[in-house]
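The structure appears below as structure tokens.
The values are calculated or read from the model by the stated rules, or taken from the named source; none is laboratory data. Worth saying up front: this structure is predicted, and the values here are computed from it rather than measured. Neighbour counts are summed over all protein chains in view; Cβ atoms, including those assigned to glycine, are modelled from backbone coordinates with ideal geometry. The protein model used for the area step is the full one, side chains on, heavy atoms only, and it has no ligands, DNA or RNA in it. Shrake-Rupley method; radii C 1.70, N 1.55, O 1.52, S 1.80 Å.
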Amino acid sequence: MPYVITEKCLGEVYAQCVDVCPVNCIHPGDYKGQPFMIINPEECTECTSCYSACPIGAIVEGVDKDPEYGKINAELAPTFKNNPPIPTRPANDPPKRPDVNKLVN
């Protein structure tokens, strides 16, 4: 089951996950007027690299862990996959949204 990027990433986008993904299945784009990243479920090999790399815990181990964002990742994948890459944000840069640590994985 492919990994899923959740609401915690919305407006945050650290992009360490992109740097470690061996199959380049993580893509940036705009969602709800904010920067966001998705994992293309058709390309994800479930290697766990992205899960470990995310400094804010915005990635879960499958659609069953966050069905709403699993669907969002799949729906956005066709349009996000052609977007240019974005720069990596330092992992020690604090979240921009104060509610990020309160969001449920």
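Karplus couplings for the stretch 44-59 from phi (6.51 cos²θ - 1.76 cosθ + 1.60, θ = phi - 60°), rounded to Hz, Gly and Pro as x?
Taking θ as phi minus 60°, the curve returns 5, 9, 6, 7, 6, 4, 5, 4, 6, 7, 6, x, 10, x, 8, 10 Hz for the stretch 44-59.
If you take the C-alpha gyration tensor of the chain, multiply each eigenvalue by 5 and take the square root, what semi-axes do you get, largest first, in whole Å? Before the final figure, lay out the partial values.
Values: eigenvalues 63, 45, 39 Å².
Working through the eigenvalues yields semi-axes of 18, 15, 14 Å.
Using +1 on the beta carbon of Lys and Arg, -1 on that of Asp and Glu, and nothing else charged, what's the dipole of the chain about the Cα centre, debye to 20?
Using Cβ point charges on Lys, Arg, Asp and Glu, the chain gives about 300 debye.
Please enumerate, by chain and number, the aspartates and glutamates with C-alpha under 12 Å from the C-alpha of Lys96, excluding those fewer than 8 residues away in the same chain.
Straight-line reach from Lys96, under 12 Å: Glu12.
When the chain is modelled as a GNM with alpha-carbon springs shorter than 10 Å, which of Cys50, Cys17, Cys25 fluctuates the most?
Greatest mean-square fluctuation among the candidates belongs to Cys25.
Tell me the carbon and sulfur percent of the accessible area for the stretch 1-87, rounded to whole percent, probe radius 1.4 Å.
So the carbon and sulfur contribution to the accessible surface is 51 percent.
Sum -39500 (n - 2.57) across every DSSP H segment of at least 4 residues in the chain, then divide by the residue count to get the 222 nm mean residue ellipticity, nearest 500. It would help to have the intermediate numbers written out before the result.
Working: 3 runs with 24 residues, N = 105.
Helices in the chain give a 222 nm mean residue ellipticity of -6000 deg cm²/dmol.
Output wanted: per-residue J couplings in Hz (rounded whole) for the stretch 11-24, from phi through Karplus 6.51 cos²θ - 1.76 cosθ + 1.60, θ = phi - 60°, x for Gly and Pro.
Whole-Hz 3J(HN,Hα) from phi for the stretch 11-24: x, 9, 6, 7, 6, 4, 4, 5, 4, 9, 6, x, 10, 6.
Provide the per residue accessible area, probe 1.4 Å, for the stretch 15-105, rounded to a whole number of square angstrom.
Dividing the accessible area of the stretch 15-105 by its residue count gives 58 Å².
Applying the Karplus parametrisation 6.51 cos²θ - 1.76 cosθ + 1.60 with θ = phi - 60° to the phi angles of the stretch 69-84, what ³J(HN,Hα) value in whole Hz is obtained for each residue in order, glycine and proline being reported as x?
Computed from phi, the couplings for the stretch 69-84 are 6, x, 5, 5, 4, 5, 5, 7, 3, x, 8, 6, 5, 9, 6, x Hz.
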